[in-house]
Amino acid sequence: MKAKREINLYLELLKKTILFEIWSKKEIYSPTGRPIPSELNEFLNSHNWPTIAHSMIGRPRMDQLHDAMESVIKDNIKGDFIETGVWRGGSCIFMRGFLKAYSIQNRNVWVADSFKGLPVPNEEKYPHDAGDILWTSDYLSVSLEQVQQNFRKYDLLDDQVKFLKGWFKDTLPSAPFGKIAIARLDGDLYESTMDSLTNLYHKVSPDGFIIIDDYELPTCKPAVHDFRQQNKINEPLIRIDPHSVYWRKRKRQMIPTLKQIGI
């Protein structure tokens, strides 16, 4: 196995590149050689809607994803990694880079997205999504081909990267994966978040991670709370940054019946 220091250097550089952290204003130029400060300024002013970066999750969420993967390896938690709602693919690119850095060949990275933006809200079935306009944003619509090209830019597109193209309600129920060690959910809407939790949670291994990227959205938070309440999930929500949370799926302690204890 590669030396830990070499792995950490590679992964830190990968994070900085995906998040567009290693360039300064003076170093960003257009093909004509002129500075393009508007591009950089937009990124510096808002990590949430960057122009150039391959991920909009920012440093705290990327570091938490890194920590979660380190815990998965350390604790030998079974399963693949998946993100539902990938935008330009940055988080999944980092997942694949992590596996490559550690020479791990028995886990896959699942990249689940419509690759055409968000669905039109089903307001009758999901009232929490009523009025949401994210589906109108071309900025959030990134094609499968573009995401694959982004993986190629890092030399990380191979057969350990699996793409699930379509709405979550259509792709996740029949997706050909088994156990999941990390489920990173970034669907924004109540419907998308609930579809992800409903179809993935039972496959998450004990001590596996469920990460909710846009927890604070008024469309997303109610879905998380409803799902947890319906399934009697009491594990604490742990804050990552002002927008996101995660929890770990603990092993259930079975209460023995009277017959099992001989009464």
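The values are calculated or read from the model by the stated rules, or taken from the named source; none is laboratory data. Quick caveat, the model's predicted, so the values are computed rather than measured. Don't worry about glycine lacking a Cβ; one is built from the backbone with ideal geometry, like all the others, and counts go over all protein chains shown.
Can you name the residue in region 132-147 that is touching a residue at least 24 places away in the same chain (Cβ under 8 Å) and among the aliphatic types (A, V, I, L, M) and is also surrounded by the most Cβ atoms within 10 Å (Cβ to Cβ) among such residues? Walk me through how you get there before you give the answer.
Initially, region 132-147 is screened for residues touching a residue at least 24 places away in the same chain (Cβ under 8 Å), giving 132, 134, 139-144, 146-147.
Checking the rest, the ones that are also among the aliphatic types (A, V, I, L, M) come to 134, 140, 142, 144, 147.
Details: 134: 16, 140: 17, 142: 20, 144: 16, 147: 25.
Among them, the one singled out is 147.
Scanning region 154-165 for residues that are surrounded by 13 or more Cβ atoms within 10 Å (Cβ to Cβ) and over 16 Å from the mean Cα position of the chain (by Cα) yields 154, 156, 157, 160.
Scanning region 166-191 for residues that are of a type in the set (Gly, Ala, Ser) and within 21 Å of residue 65 (Cα to Cα), which turns out farthest from the chain's Cα centre (by Cα)?
If we take residues in region 166-191 being of a type in the set (Gly, Ala, Ser) and within 21 Å of residue 65 (Cα to Cα), then 178 is farthest from the chain's Cα centre (by Cα).
Quick check on region 239-263: of everything there that is among the aliphatic types (A, V, I, L, M) and over 13 Å from residue 224 (Cβ atoms), which residue is modelled with the highest pLDDT? Outline the logic, then answer.
Kept after step one, since they are among the aliphatic types (A, V, I, L, M), are these residues of region 239-263: 240, 245, 254-255, 258, 261, 263.
Right, trim to over 13 Å from residue 224 (Cβ atoms) and you get 240, 254-255, 258, 261, 263.
Numbers: 240: 96, 254: 44, 255: 43, 258: 42, 261: 40, 263: 37.
Checking each candidate, the answer is 240.
Looking at region 166-249, none of the strands (runs of 3 or more DSSP E) lying wholly inside it contains 3 or more residues that are among the basic types (Lys, Arg), surrounded by fewer than 23 Cβ atoms within 10 Å (Cβ to Cβ) and out of contact with any helix residue (DSSP H, G or I) (no Cβ under 8 Å at 6 or more places or on another chain).
Can you go through 44, 65, 14, 99 and tell me which one is in contact with a Ser or Thr (Cβ under 8 Å, 6 or more places away or on another chain) and either modelled with pLDDT of 95 or more or part of a helix (DSSP H, G or I) (or both)? Quick ask: steps written out before the conclusion?
On the way: 44 fails: in contact with a Ser or Thr (Cβ under 8 Å, 6 or more places away or on another chain); 14 fails: in contact with a Ser or Thr (Cβ under 8 Å, 6 or more places away or on another chain); 99 fails: in contact with a Ser or Thr (Cβ under 8 Å, 6 or more places away or on another chain).
After ruling out the rest, the residue left standing is 65.
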